[in-house]
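Undergrad: Shown below is the structure under consideration.
The values are calculated or read from the model by the stated rules, or taken from the named source; none is laboratory data. Since this is a predicted model, take the numbers as computed values, not measurements. Reconstructed Cβ throughout: ideal geometry from the backbone, glycine too, with neighbour counts over all protein chains shown.
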Amino acid sequence: MATCAKWRVPVVITSLGAIPEVNQAVHGWGGIVLHDIITDRFARKAVEKGADGVIAVAAGAGGHAGTLSPFALVHEIRQWFDGPLILSGAIATGRAILGALAMGADLAYIGSPFIATEEANATDEYKSGIIEGKAADIVYSSFFTGVHGNYLRASIVAAGLDPANLPEGDLTKMDFTGEGAKKAWRDIWGSGQGIGAIDKVRPAGEYIQLLEAQFEEAKAELSTKAS
């Protein structure tokens, strides 16, 4: 927070518990706070505690994620909240971005596909896992951090674990110590379900241009169908 305050960071993202003092501090230097939520209840609590907007982390999102359909989650939040609403969860194409906006979100939140870009600070193995993986290769488990998240099956297997038999929430059974110990995020790779749309490593700019082209194509198709 001290570093954020020093540089007057304009947008701060928080998660795993909304803290009023953090929100107040960010507002003090003129910034805004967007808070990760996985249910309507958590969205209400975040706004009550001073968050300016919410990031709806729906089913299929990479890393720590929820289980609710984006259709249900966005609808419930929009019934009472007209502030900034960002949707996350298996969004990897321009068509998905358009779908997020059509549902009522202000922005689409894309994460996992950018891991497979040239600029990403990820290992080649991680990038290959994103390219080769499909939605069915994502494992939802609380084993690695104590909080449920989505991870690439291949990285779990490579760590010598059985993806089908992970003891939920029991961190005592995963050894994070000692030489060669496997660690969440470094060795167990977070990933969303939308990676089936990613077919190669490309520059981030090229991927963004692809998203834009897909978005415009989808809009044009919908306009044609509507007429």
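Undergrad: Of everything in segment 26-68 that's of a type in the set (D, E, K, R) and out of contact with any Pro (no Cβ under 6 Å at 6 or more places or on another chain), which residue is nearest to ALA90 (Cα to Cα)? Reasoning before the result, please.
TA: Initially, segment 26-68 is screened for residues of a type in the set (D, E, K, R), giving 36, 40-41, 44-45, 48-49, 52.
Those left that are additionally out of contact with any Pro (no Cβ under 6 Å at 6 or more places or on another chain): 36, 40-41, 44-45, 48, 52.
Numbers: ASP36: 16, ASP40: 19, ARG41: 22, ARG44: 24, LYS45: 25, GLU48: 28, ASP52: 24 Å.
Ranking the qualifying residues of segment 26-68, first place goes to ASP36.
Undergrad: Given ALA65, ALA43, ALA116, ALA92, which one is within 22 Å of GLY31 (Cα to Cα) and crowded, with 16+ Cβ neighbours inside 10 Å? Step through it out loud before you land on a result.
TA: Details: ALA65 fails: within 22 Å of GLY31 (Cα to Cα); ALA116 fails: within 22 Å of GLY31 (Cα to Cα); ALA92 fails: within 22 Å of GLY31 (Cα to Cα).
Answer to the selection: ALA43.
Undergrad: Given the conditions (1) assigned to a strand (DSSP E or B); (2) loosely packed, with under 12 Cβ neighbours inside 10 Å; (3) among the hydrophobic types (A, V, I, L, M, F, W, C), report the number of the one that ALA164 does not fulfil.
TA: Condition (1) is where ALA164 drops out.
Undergrad: Can you tell me which residue within segment 57-71, out of those that are at pLDDT below 95 and not in a loop (DSSP other than H, G, I, E, B), is farthest from ALA18 (Cα to Cα)?
TA: Result: GLY63.
Undergrad: Does ILE91 satisfy the criteria of being in a loop (DSSP other than H, G, I, E, B), outside the structural domain of LYS183 (by TED's automatic domain parsing), β-branched (Val, Ile, Thr) and touching a residue at least 24 places away in the same chain (Cβ under 8 Å)?
TA: Working: in a loop (DSSP other than H, G, I, E, B): yes; outside the structural domain of LYS183 (by TED's automatic domain parsing): yes; β-branched (Val, Ile, Thr): yes; touching a residue at least 24 places away in the same chain (Cβ under 8 Å): yes.
Criteria met by ILE91.
Undergrad: Okay, moving on. So ILE131 fits all but one of (1) of a type in the set (Val, Ile, Thr); (2) outside the structural domain of PRO10 (by TED's automatic domain parsing); (3) over 15 Å from the mean Cα position of the chain (by Cα); (4) farther than 19 Å from LEU210 by Cα; what number is the exception?
TA: Every listed condition holds for ILE131 apart from (4).
Undergrad: Can you tell me how many residues within segment 118-136 are over 17 Å from GLY66 (Cα atoms) and either assigned to a helix (DSSP H, G or I) or among the β-branched types (Val, Ile, Thr) (or both)?
TA: Going through segment 118-136, the residues over 17 Å from GLY66 (Cα atoms) turn out to be 118-134.
Still in the list and also either assigned to a helix (DSSP H, G or I) or among the β-branched types (Val, Ile, Thr) (or both): 123-132.
Counting residues in segment 118-136 that are over 17 Å from GLY66 (Cα atoms) and either assigned to a helix (DSSP H, G or I) or among the β-branched types (Val, Ile, Thr) (or both) gives 10.
Undergrad: May I ask you to say which residue of VAL74, VAL54 is of a type in the set (A, V, I, L, M, F, W, C), more than 17 Å from GLY192 (Cα to Cα), in a helix (DSSP H, G or I) and in contact (Cβ under 8 Å) with a residue 12 or more places away in the chain? Before you say what the answer is, go through the steps one by one.
TA: Numbers: VAL54 fails: in a helix (DSSP H, G or I).
Checking each option against the conditions leaves just VAL74.
Undergrad: Filter segment 13-37 down to the residues that are β-branched (Val, Ile, Thr) and under 22 Å from LEU73 (Cβ atoms), then identify the one that is surrounded by the fewest Cβ atoms within 10 Å (Cβ to Cβ). Steps first, please.
TA: Just the residues of segment 13-37 that are β-branched (Val, Ile, Thr), to begin with: 13-14, 19, 22, 26, 32-33, 37.
Then keep just the ones that are under 22 Å from LEU73 (Cβ atoms); that gives 13-14, 32-33, 37.
Values: ILE13: 13, THR14: 18, ILE32: 16, VAL33: 23, ILE37: 24.
Going through the qualifying residues, I end up with ILE13.
Undergrad: Could you tell me whether segment 103-121 includes any residue that is under 30 Å from SER155 (Cβ atoms), without any contact (Cβ under 8 Å) to a residue 12 or more places away in the chain and over 14 Å from the mean Cα position of the chain (by Cα)? Full working, then the answer.
TA: Applying the first criterion (under 30 Å from SER155 (Cβ atoms)) to segment 103-121 yields 105, 107-121.
This time we only want the ones that are without any contact (Cβ under 8 Å) to a residue 12 or more places away in the chain, so: 121.
Then drop every residue that is not over 14 Å from the mean Cα position of the chain (by Cα), which leaves 121.
Looking through segment 103-121, at least one residue is under 30 Å from SER155 (Cβ atoms), without any contact (Cβ under 8 Å) to a residue 12 or more places away in the chain and over 14 Å from the mean Cα position of the chain (by Cα).
Undergrad: Anything in segment 188-227 that is over 17 Å from the mean Cα position of the chain (by Cα) and either assigned by TED's automatic domain parsing to the domain that holds ASP124 or not in a helix (DSSP H, G or I) (or both)? List them, or say none.
TA: ASP199, LYS200, VAL201, ARG202, PRO203, SER227
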